[in-house]
Ligand code: FCB
């Protein structure tokens, strides 16, 4: 079992959240709707029928929430900026209230010695930009770079560390293929165009940020999955290749190696479209970054699907793959718990860019927490999940990987996208009726780990 002193003294220890999942106050201060405000109102889109209108009411309670973070002993906080709170309608005019909120948040963090890591895009495209075609349109990449430039101009005196995109795989394929996330489109393999425009937006944003604030540190966060075949059969191995390709390599390779994986473009039937894009795009996307953020939750075990069965699926290529339940322990999301997979994905990323610092920008687990009669929330499974993954980070360092930080998802329970309020990931329990926060026993474990007196 690792202890904090197994890690360098300057290791970044944080918790993470995202704007739409915690902020609430969706109609205040000039903020306009994002695709999630609209999608959450589509009947049946959200498991429990809730929206992020209030969520954790963080816009009004952020000072208390920053105090909570300080009490946990973290030295960093990863949050995201709501594009349409800072720039209503996705235009170029800064909302004074929106800016005041993010400046106040950053100042409160700095006053408590907590380093802010700001994500520019955690899935909440201004609805006007979706109405103009969203990420299927190239122009959205330019709009994103303009927004990035303004955000860094306005906040870069307080925030040094910037993440362009969070999990572009989700934005592209859950948003535009399966349609289980906003904007809920089912555009088949054209969802890959969204992936390209997201990555292009990332590359253009990196350039804009560097121009605006040369001292800024900028990276991107990818959600990577450790992937293995269920058997050594050629068909199962090919299923693993497909998923590793679509999930990991389609993003890692353009960003870190300056090219797309041909096999994945062929799987998607999109090689022609990609080859018709300006040749400069891949160079733009491969703009050097200062770090890579990795979100890791689980691993996939894959077997060949039955393409001939005529499975109609909104996810391109999914008829070729079945995900196997190995019977291993899993969280309430059904995600297998496999801490060593975190090392696998860090090693996979590291192989492309041996000098590049790595951060785990999200890792965490959902469980059905309950408040006991005495008001406490005991969540030993989450504490164990956390401990196992922190141990994996120690092992990654031991193997020489340039891991610089770990952010637990999440600081507090929040609005979990298509699951609404029905899935809790927090180290802190939130009573959504009263907005009362209660540190769970996993949060206490993290605090003990961080203050270094054993756990
Ligand atoms: C990630 C998201 C984050 C949260 C966790 C559980 O994919 O980035 O917002 O939903 O999963």
Residue in the range 346-389 that is nearest to residue 260 (Cα to Cα), counting only those that are in a helix (DSSP H, G or I), in contact (Cβ under 8 Å) with a residue 60 or more places away in the chain and in contact with a strand residue (DSSP E or B) (Cβ under 7 Å, 6 or more places away or on another chain): 349
Of residues in the range 111-146 being in contact with a strand residue (DSSP E or B) (Cβ under 7 Å, 6 or more places away or on another chain) and assigned to a helix (DSSP H, G or I), the one nearest to residue 215 (Cα to Cα): 144
The range 1-23, subset more than 16 Å from the ligand (Cβ to nearest atom) and assigned to a loop (DSSP other than H, G, I, E, B), residue modelled with the lowest pLDDT: 1
Residue 334 vs. criteria within 16 Å of the ligand (Cβ to nearest atom), within 19 Å of the chain's Cα centre (by Cα), under 27 Å from residue 399 (Cα atoms) and in a loop (DSSP other than H, G, I, E, B): no
Out of 129, 105, 165, sole residue that is under 20 Å from residue 408 (Cα atoms), crowded, with 22+ Cβ neighbours inside 10 Å and more than 18 Å from the chain's Cα centre (by Cα): 105
Residue among 78, 41 that is out of contact with any helix residue (DSSP H, G or I) (no Cβ under 9 Å at 6 or more places or on another chain) and outside any loop (DSSP other than H, G, I, E, B): 78
Selection status of residue 85, free of Cβ contacts under 8 Å to residues at least 12 places away in the same chain and either under 20 Å from residue 122 (Cβ atoms) or within 16 Å of the ligand (Cβ to nearest atom) (or both): no
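Rundown of residues vs (1) farther than 19 Å from residue 169 by Cα; (2) touching a strand residue (DSSP E or B) at 6+ places or on another chain (Cβ under 9 Å); (3) away from the ligand (no atom under 16 Å from the Cβ), yes/no style:
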residue: 249; (1), (2), (3): no, no, yes
residue: 256; (1), (2), (3): no, yes, yes
residue: 263; (1), (2), (3): no, no, yes
residue: 272; (1), (2), (3): yes, no, yes
residue: 289; (1), (2), (3): no, yes, yes
Subset of the range 179-189 [in contact (Cβ under 8 Å) with a residue 60 or more places away in the chain and over 18 Å from the mean Cα position of the chain (by Cα)]: 184, 186, 188, 189
Breaking point among (1) touching a residue at least 60 places away in the same chain (Cβ under 8 Å); (2) in contact with a helix residue (DSSP H, G or I) (Cβ under 8 Å, 6 or more places away or on another chain); (3) within 15 Å of the ligand (Cβ to nearest atom); (4) not in a strand (DSSP E or B), for residue 420: (2)
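The values are calculated or read from the model by the stated rules, or taken from the named source; none is laboratory data. As the structure is a prediction and not an experimental result, all values here were calculated from the model. Ideal geometry is used to build each Cβ from the backbone, glycine not excepted, and the neighbour counts take in all protein chains shown.
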